[in-house]
Amino acid sequence: MKILINAGHAPNGVPDPGAVGPTGLRECDVTAKVGAKVQSYLRNAGVEADYIQNDSLEVICDVCNEYKYDLFLSIHCNSFNESAEGIEVYTTPGWTQSDTFADCLMKQMSDTFPNLTVRSDWSDGDIDKEAGLYVLRGTACPAALFELPFISNPSEEAWLRDEHNLDEAARAMARAVTDFMQ
Ligand SMILES: [Zn+2]
């Protein structure tokens, strides 16, 4: 079982930093930190885990499919307005192995961060929805996209600046991967 971890948006924000918080925190930097940590924790646990951050969604899907990964995790920060809050996970429609993986992710994250709101509503104005669907549709293996808290919300942007939170989030996602593998 080998997993491809995708940090959302472009490396160093060129050309696409993703969403940018009220004090300038960039989504691409948060996702890169968390993605690299997830990879590191999984490798320490003996899991074959690779990491990709690339502006081209097509390249990401091609790498996932050509190298026959068994699992795909894309990491983003949510963004909408100053009051939207919480964590969310996306899969393609219908019940598949991807949903089992998504459940593992949300269980570990909500257990680790009981104060975060768990969102299950697709009807908000999430800017990533289309990009998320692209990588979830384009990858052949079970795939989920996790949205960390809202970078557009000042208090959640502060949450995303906290290195301890990012480290705990990465540990939770790594545990979710090993939960799914069992
Ligand atoms: Zn994003």
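The values are calculated or read from the model by the stated rules, or taken from the named source; none is laboratory data. It should be emphasised that the depicted structure is a prediction, and the values quoted were computed from it without experimental measurement. Cβ atoms come from the backbone with ideal geometry, glycine included; neighbour counts cover every protein chain shown.
At a glance:
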{"item": "Selection status of N54, over 27 Å from V14 (Cα atoms) and either in contact with a strand residue (DSSP E or B) (Cβ under 8 Å, 6 or more places away or on another chain) or not hydroxyl-bearing (S, T, Y) (or both)", "result": "no"}
{"item": "Whichever residue in the stretch 23-55 is among the β-branched types (V, I, T) and under 15 Å from the mean Cα position of the chain (by Cα) and, among such residues, is surrounded by the most Cβ atoms within 10 Å (Cβ to Cβ)", "result": "V30"}
{"item": "Where a residue in the stretch 146-157 is in contact (Cβ under 8 Å) with a residue 24 or more places away in the chain and among the charged types (D, E, K, R) and its partner, wherever it lies, is buried (at least 24 other Cβ atoms within 10 Å of the Cβ) and outside any strand (DSSP E or B), with Cβ under 7 Å and at least six apart", "result": "E157/I151"}
{"item": "Those residues of the stretch 125-141 which are surrounded by 15 or more Cβ atoms within 10 Å (Cβ to Cβ), assigned to a loop (DSSP other than H, G, I, E, B) and either at pLDDT below 95 or within 16 Å of the ligand (Cβ to nearest atom) (or both), in sequence order", "result": "D126, I127, D128"}
{"item": "Qualifying residues in the stretch 72-95 (those that are among the hydrophobic types (A, V, I, L, M, F, W, C) and farther than 11 Å from N6 by Cα) - the one surrounded by the fewest Cβ atoms within 10 Å (Cβ to Cβ)", "result": "W95"}
{"item": "Which numbered condition S155 fails, given (1) crowded, with 18+ Cβ neighbours inside 10 Å; (2) modelled with pLDDT of 95 or more; (3) part of a helix (DSSP H, G or I)", "result": "(1)"}
{"item": "Cβ pairs under 6 Å, 6+ apart, first in the stretch 25-42 and in contact (Cβ under 8 Å) with a residue 12 or more places away in the chain, second surrounded by fewer than 21 Cβ atoms within 10 Å (Cβ to Cβ) and part of a helix (DSSP H, G or I)", "result": "L25/R161; R26/G13; C28/G13; K33/L166; V34/L166; Y41/R171"}
